[in-house]
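Taken together, the values in this text are just the output of simple stated rules run on the coordinates, not laboratory data. Nothing here was measured: the structure is a model prediction, and the numbers come from that model. No Cβ is skipped: glycine too gets one built from the backbone with ideal geometry, and neighbour counts run over all protein chains shown.
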Amino acid sequence: MPPQVEILQPAQVSLGRLSGSTLQVRLSGSWKLKRGMPSPSAVTDALDAPPKSHRIAFDAADLGEWDSSLLSFIMRVVEVCKERGLDADLAGLPDGLKRLVELAAAVPEREGARSKPARHWFVARIGDSTLAWLDSAVAFLAFFGEVVRALGRFSTGRARYRRIDLGVVIQECGADAFPIVTLISFLVGTILAFMGAVQLQRFGASIYIADLVGIAVVRDMGAMMTAIIMAGRTGAAFAAQLGSMKVTQEIDALATMGLSPMEYLVLPRVIALVTMMPLLCLYSDFIGILGGAFVGWSMLDISWVSYLRQTEGAVQLGDVVGGLVKATVYGIIIAVAGCLRGLQCGNSSSAVGEAATRAVVTGIVYIVVACGLFAFIFNALGI
Amino acid sequence: MAASTDQRSAARPNGPRAAAGVHITVRDLTMAYGSFVVMHDLSFTVRRGDVFIIMGGSGCGKSTLLRHLIGLNEPAKGEIFYDAVNFTTTAPQGRQALLRRFGVLYQGGALWSSMTLAENVGIPLGEFTDLNPAEIREIAALKLALVGLKGFEDYFPSQISGGMQKRAGIARAIALDPEIMFFDEPSSGLDPISSRLIDDLILDLRDNLGSTVIVVTHELASILTIGNNSVFLDAEDRTIIARGDPKEMLAHCDIPRVRQFLTRGDGAASTARSHG
């Protein structure tokens with residue numbers, strides 16, 4: 001026996017006139033969201049056409065099942081009536097529906113609550129973006145100034161912070177970063193050596209791979225790769241930690257206790273990263289050179305000893321110091337960007353993710369800018 | 001914790017700092033986020049030892065007012081005085097000294113998640129007293145015991161329930177025996193029994209520490225049980241529309257929105273009935 005299928009009439013609206021000035025809206029059929037929402041345009045058209053209506057009444061005698069689709073229809077008709085100064089008589093509607101209409105209209109819309117989509121000219125948008133970027137740069141500089149003040153208090157022993165927090169952060173952004181720094185630095189060393197090997201082999205100058213890799217890694221790539229790793233790893237972590245603390249009001253709790261979040265939270269992170277970055281950079285330089293030596297030994301038959309001697313001759317102390325100075329500055333940038341974005345975090349969980357993303361982007365942008373400035377300055381100084 | 005909450009609610013405190021007089025004065029305070037005015041022209045006073053309730057519907061600006069009182073937000077206009085000290089114009093150094101006289105319980109407890117309960121309570125003791133670590137630990141354990149968390153010293157906030165987190169937050173707020181305690185929605189999200197325990201605790205602390213207590217809440221039971229002074233913030237008028245003892249307000253106030261709030265919506269109907 002085939003299953004019984006109930007055939008539901010679709011939602012229908014028909015219009016009629018009760019008296020000269022009353023438009024009657026007859027509702028029939030099944031009004032369900034899954035079957036679509038009828039438009040009130042027929043009602044609006046009837047109101048626009050003569051004779052002029054002063055009142056709308058509803059007739060729901062043939063109405064079947066209904067849900068929010070009917071409520072929405074009624075609300076839109078009521079809204080149209082309100083706009084035109086007409087009476088909407090709900091007496092003919094089911095009691096439950098009347099109560100829902102009253103509930104939806106119970107709290108009037110708050111003035112100014114509705115946000116209006118802003119439309120701007122292309123030039124205005126460029127202007128807004130530029131001003132926003134300038135504001136962001138000013139905020140970064142102001143925050144950096146506060147960090148310098150906090151470092152001043154730290155150097156005179158007046159800063160309030162927990163030493164155990166400093167130890168934990170040093171471990172997090174120092175020892176815990178070793179594996180990823182090792183992997184990336186070794187691979188960067190091997191990639192640089194491969195690229196050089198292809199060209200230098202043609203001229204029988206394979207041994208100069210050691211010079212190429214050594215100078216590139218020590219002067220720039222070691223500091224740069226460590227900075228990129230730490231921006232993605234530690235800068236994002238700083239922003240997420242401080243952002244979560246902001247969401248859960250932990251930072252407010254510090255502030256109202258008379259403790260400075262700058263000294264208590266930002267200072268240990270800046271000190272930890274600034275002290276660990278040069279050490280990680282030095283380690284990265286060493287591993288990068290080993291990566292190059294591995295390629296020299298495996299592809300070009302250069303012995304480990306010859307490779308390292310050639311590197312020793314090529315790399316000057318000034319190159320190493322220059323790389324370490326860069327790493328220190330990159331460390332300050334990453335820590336300041338991470339902490340700034342964390343403290344600027346909004347009050348929702350999604351804002352924490354945004355803060356972490358912004359910390360990484362800000363960190364990397366300023367690192368690249370700083371790298372360019374270093375190239376200019378070192379060139380001018382002949383280093 | 002001997003006397004019941006109801007018997008003690010209106011009683012004045014008899015703690016060490018109990019003394020008559022105005023403790024907090026708010027004068028013509030306007031609170032705004034950018035150009036959006038949340039509340040305007042708020043003026044009220046809180047007497048020493050009051051359990052002062054800031055009440056009103058959801059989203060009317062109660063917590064924003066609390067944030068202004070504790071210096072987390074700056075007023076768009078107006079002044080806040082603690083005793084005779086103008087908190088609004090005080091320099092950061094002086095403001096920090098004032099803040100140490102406050103204890104604040106935030107809505108979610110705001111315990112530092114990377115620290116144990118004892119460390120949370122011990123932080124203010126370590127920073128602002130000369131106690132040694134053993135003494136700090138002892139006082140922290142005592143404060144936790146006062147809020148019924150004896151033995152939980154080495155638990156992390158994530159290891160305890162929401163109600164216990166609130167109580168631990170209170171223990172941290174009272175670590176330095178504050179003169180003024182601020183509670184932001186202390187009962188929200190708690191079952192009725194836990195709410196009642198928190199209410200008892202607030203009165204106990206007021207009575208025994210002699211503190212002035214400011215409570216932001218819209219929990220009717222708490223308002224009528226512990227409050228002896230209050231302001232009612234109205235979202236529509238964006239200002240205070242009633243002030244005084246909440247019980248008196250319930251008995252005599254004929255402002256429909258206040259009655260509706262204090263009678264869970266029955267007030268307007270009953271007022272209409274009595275007038276009809």
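Observations on the model:
- Computed over chain B, the range of Cα coordinates on each principal axis works out to 68, 42, 36 Å, biggest value leading.
- DSSP beta bridges in the protein assembly as shown [antiparallel fraction, %, rounded to 5]: 45
- Nonlocal amide H pairs with B:Ser230, under 5 Å, H built at 1.01 Å: B:Ile53, B:Gly244, B:Asp245
- Tensor-based shape of the protein assembly as shown (alpha-carbon gyration tensor, a/c under 1.5 rounded, otherwise prolate or oblate): oblate
- Label-to-label distance, nm, for residues given as A:Ala46 and B:Glu127 (7 Å Cα→Cβ offset): 6.9
- Across the options A:Ile170, A:Ile56, A:Leu93, the greatest Cα extent toward the positive end of the charge dipole of the protein assembly as shown (unit charges at beta carbon of Lys, Arg, Asp, Glu) belongs to A:Ile56.
- For chain A, the relative contact order is 16 percent, taking Cα pairs closer than 8 Å that sit 6 or more residues apart in sequence and dividing their mean separation by the residue count.
- Nonlocal amide H pairs with B:Ile214, under 5 Å, H built at 1.01 Å: B:Phe52, B:Met181, B:Phe182, B:Phe183
- Between A:Ser72, A:Ser244, A:Ser260, the GNM of chain A built on Cα springs shorter than 10 angstrom shows A:Ser72 fluctuating the most.
- Taking a straight line from the alpha carbon of A:Lys34, these lysines sit under 24 Å away, with near neighbours fewer than eight places off in the same chain left out: A:Lys98.
- Among B:Leu176, B:Leu190, B:Leu201, residue whose mean-square fluctuation peaks in a GNM of chain B (springs only between Cα atoms under 10 Å): B:Leu190
- Given charges at beta-carbon only (K, R positive; D, E negative), |dipole| of the protein assembly as shown in Debye: 600
- Dipole-positive endmost among B:Ile198, A:Gln344, A:Ala253 within the protein assembly as shown (Cβ charges, Cα centre): A:Gln344
- Bridges between two residues of chain A, per DSSP, are antiparallel at a rate of about 35%.
- The value of relative contact order for chain B, using C-alpha pairs under 8 Å at least six residues apart, is 26 percent.
- For a straight C-alpha distance cut-off of 18 angstrom, the lysines reachable from B:Lys143 (same-chain residues fewer than eight places away being disregarded) are B:Lys166.
- In terms of other Cβ atoms within 10 Å, A:Thr234, A:Thr130, A:Thr248 run from fewest to most in the order A:Thr130, A:Thr248, A:Thr234.
- Three-way shape call for segment A:122-212 based on the alpha-carbon gyration tensor, with the a/c threshold at 1.5: oblate
- With at most 13 neighbouring Cβ atoms within 10 Å, loop GluC sites (Glu not before Pro) (DSSP) excluded, longest segment of chain A: A:112-383
- Summing Lys and Arg as +1 and Asp and Glu as -1 over all other residues whose Cβ lies under 9 Å from the Cβ of A:Ala223 gives a net charge of 0.
- Shape category assigned to segment B:35-111 from the gyration tensor of Cα positions, a/c cut at 1.5: rounded
- Over chain B, DSSP H runs of length four or greater, each weighted -39,500 (n - 2.57), average out per residue to a 222 nm ellipticity of -11000 deg cm²/dmol.
- Dipole magnitude (debye, nearest 20) for chain A, charges at Cβ of Lys, Arg, Asp, Glu: 480
- DSSP beta bridges confined to chain B are antiparallel in about 50 percent of cases.
- Over chain A: helical MRE at 222 nm, DSSP H runs n ≥ 4 each giving -39500 (n - 2.57), nearest 500: -21500 deg cm²/dmol
- Taking N as the residue count of segment A:136-381, its C-alpha radius of gyration divided by 2.2 N^0.38 Å amounts to 1.14.
- Each Lys and Arg contributes +1 and each Asp and Glu -1, all at the Cβ; summed about the Cα centre of segment A:12-106, the dipole is approximately 100 debye.
- Simple spin-label estimate for B:Leu142 and A:Ala375 gives 6.5 nm between the two label positions (7 Å along the Cα-to-Cβ direction from each Cα).
- Peptide A:245-255, shielding by other chains (average Cβ, 10 Å cutoff): 6
- In Hz, Karplus ³J(HN,Hα) per residue of segment B:232-245 (6.51, -1.76, 1.60; θ = phi - 60°; x = Gly, Pro): 10, 8, 10, 5, 6, 7, 6, 7, 6, 10, 7, 8, x, 5
- Dipole of chain B computed with +1 at Lys/Arg Cβ and -1 at Asp/Glu Cβ about the Cα centre; of B:Phe182, B:Leu250, B:Ala76, farthest Cα towards the positive end is B:Leu250.
- Pair A:Arg149, A:Arg309: separation of 7 Å Cα→Cβ label points (nm): 5.8
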